[in-house]
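The values are calculated or read from the model by the stated rules, or taken from the named source; none is laboratory data. Since this is a predicted model, take the numbers as computed values, not measurements. In this analysis, Cβ positions are derived from the backbone assuming ideal geometry, glycine residues included, and neighbour counts consider all displayed protein chains. What goes into the accessible areas is simple: the full protein's heavy atoms, side chains included, and nothing from ligands, DNA or RNA. Shrake-Rupley method; radii C 1.70, N 1.55, O 1.52, S 1.80 Å.
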Amino acid sequence: DTLNELNLSHNLIEKLDSNVFENLVELKALNLSSNHIKTIPDHLLTNLERLKSLELHFNELNFINLYYENDLVKNLEKIDLSYNKFETCQSIQLDMLKGLKSLDLRSNKIVDFDKSIFQLINQDLHV
């Protein structure tokens with residue numbers, strides 16, 4: 001059996017190495033919520049081609065780039081970025097997330113909401 005779900009929520013994680021999850025190729029759900037994460041390193045999720053759910057709520061994020069994750073973006077369906085420090089939607093790079101069905105942005109500090117950021121995303125997206 002391989003690991004399908006990993007829950008690291010409610011810890012004191014501040015930093016993640018870019019290769020920390022590289023061997024978890026069967027992972028479908030990753031929960032890093034309720035930590036003290038300020039940045040998501042480039043290529044953190046590169047080998048997680050089956051990942052469908054990414055929970056990052058209750059952290060200290062103000063920018064996230066998932067655009068470079070070519071394999072990941074095909075399968076990711078849910079991203080929870082609520083209760084972070086995002087001020088604009090431009091700080092959330094979502095251009096390639098065609099399969100995204102749920103995006104939670106509540107309780108951030110968003111003052112600039114440009115609907116064009118969602119034009120390339122699945123029409124069934126629930127925000």
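Listing for the model above:
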{"item": "Contour excess over end-to-end distance, with Cα ends at Lys28 and Ile110 and 0.36 nm allotted per residue", "result": "26.7 nm"}
{"item": "Of Lys28/Lys98; Lys78/Lys98; Lys15/Lys98; Lys15/Lys85; Lys15/Lys78, those spanning more than 20 Å from alpha-carbon to alpha-carbon", "result": "Lys15/Lys98; Lys15/Lys78"}
{"item": "Solvent-accessible area of His36 with every protein chain in place, 1.4 Å probe, in Å² to the nearest 10", "result": "70 Å²"}
{"item": "Proximal charge balance of Ser53 [Cβ under 9 Å; K/R count +1, D/E count -1]", "result": "-1"}
